[in-house]
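Following: one structure in structure tokens, then a few remarks.
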Amino acid sequence: MKRSNWISIALAAPTLAFGIGVYALEADKRQPTTIDANQMTYNEKSNVNVFTGNVLLTRGSLVIRGDKLTLTERSDGTQFATVEGKPARFKQQRDSEKPNEVLLINGTGNTIEFDGNKSVVTLTGAASIQKSTNGQLTESISGSKITYEQNTEFLNVVGSPNSSGSSRVQAVIKPKGESK
């Protein structure tokens, strides 16, 4: 694979990372991607890019931070990305139908995986997702593992163990009519 091809692989990460129509700004798809890190390695034989040390990926309103980003291109051309950190973080503005309304989604987990083939995002280890409108928290979900199927908008949350040994999921959903 030519050097320009691995750059294409690296730049494709955010497409699989939050090409979620319900979450992502449509304009983000047309923005350039930048990945900054302390180091990058590329294995041409296995089509794997690894970025380490203060990793920062940006594309439009999408910002992903972590300690390590591993990006793999499969033989069918789809990509799989894994971001590791303590925690790994992402944030992105979402499209809104109302003018002057700012919708954001933030997520954290020790590991964030993006499967471009299946359009699935998985956050593991102290996983949480928060949605806000104009700076006000509207929804918060946490557990040990959160899986979001982008195409079907299906969300599965596995609970975190508590002191009694049982697993619990926590969700906080603000009433839609409430202003603050």
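Scanning the range 155-180 for residues that are closer than 20 Å to residue 124 by Cα and either basic (Lys, Arg) or modelled with pLDDT under 80 (or both) yields a count of 5.
Within the range 96-116, the set of residues being in contact (Cβ under 8 Å) with a residue 40 or more places away in the chain and among the small types (Gly, Ala, Ser) comprises 116 only. Can you spot a residue in the range 107-124 that is hydroxyl-bearing (Ser, Thr, Tyr) and outside any strand (DSSP E or B)? Yes, there is a match, as at least one residue in the range 107-124 is hydroxyl-bearing (Ser, Thr, Tyr) and outside any strand (DSSP E or B). Among residues belonging to the range 107-145 that are under 12 Å from the mean Cα position of the chain (by Cα) and of a type in the set (Gly, Ala, Ser), point out the one that is nearest to residue 61 (Cα to Cα). Of everything passing the filter in the range 107-145, 107 is nearest to residue 61 (Cα to Cα).
I'm trying to understand the selection: among the residues of the range 167-176, which are under 12 Å from residue 144 (Cβ atoms) and not charged (D, E, K, R)? Within the range 167-176, 167, 169, 170 qualify.
The set of residues from the range 41-66 being at pLDDT below 90 and either surrounded by fewer than 16 Cβ atoms within 10 Å (Cβ to Cβ) or not hydroxyl-bearing (Ser, Thr, Tyr) (or both) comprises 57, 59, 60, 62, 63, 64. Scanning the range 134-155 for residues that are surrounded by 17 or more Cβ atoms within 10 Å (Cβ to Cβ), of a type in the set (S, T, N, Q) and under 30 Å from residue 100 (Cβ atoms) turns up 138, 142, 150. Screening residue 80 against (1) more than 25 Å from residue 139 (Cα to Cα); (2) buried (at least 23 other Cβ atoms within 10 Å of the Cβ); (3) at pLDDT below 90 leaves a single unmet condition, (2). When the range 127-156 is filtered for residues that are of a type in the set (Ser, Thr, Tyr) and in a strand (DSSP E or B), the ones remaining, listed by number, are 128, 132, 133, 138, 140, 142, 144, 147, 148.
The values are calculated or read from the model by the stated rules, or taken from the named source; none is laboratory data. As the structure is a computational prediction, the values presented were derived from the model and not from experiment. Cβ sites come from the backbone with ideal geometry, for glycine too, and all protein chains shown count toward neighbours.
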